[in-house]
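K.L.:
Structure incoming, see below.
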């Protein structure tokens, strides 16, 4: 059987012999590679089996549980404290709103009673106030009024 190379020429007998020799070595190399891959696969399976069957420490798991338990309690305490604080703040707000409403009611009552009180007060109040704040002569004219008084006496 003769082989044709890529240029369409027939190889000489020397090349043909090398190719047959190389094909024999290739088969041997394939067998060696198959054996190496089979050994590698067996080693991987053995390592995996050993890794899955070995003993594992429980201490690490307990620490995680203890940490989660502590965080759970802390979050629960924060939730309860927030609820109590919220209730207290709401109670204070309601008390303040009640105080404001009472003060507004008192102010409305005083405003409603104001006309009645002014009517009951002294009817001569305006005359009294007017006499208290009024002067015979305005303060700017006072020096002139003194001169006039001094001129009449002479």
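Since every read-out is calculated from the coordinates, none of them should be taken as a lab result. Keep in mind the model is a prediction, meaning the values are calculated, not measured. Don't worry about glycine lacking a Cβ; one is built from the backbone with ideal geometry, like all the others, and counts go over all protein chains shown.
K.L.:
Using a basic spin-label model with each label point 7 Å from the Cα along Cα→Cβ, how many nm lie between residue 133 and residue 75?
P.N.:
Between residue 133 and residue 75, the label points sit 7.2 nm apart.
K.L.:
I would also like to ask the following. Treat the count of other C-beta atoms within 10 Å as a stand-in for reagent exposure and order 65, 54 from fewest to most.
P.N.:
54, 65
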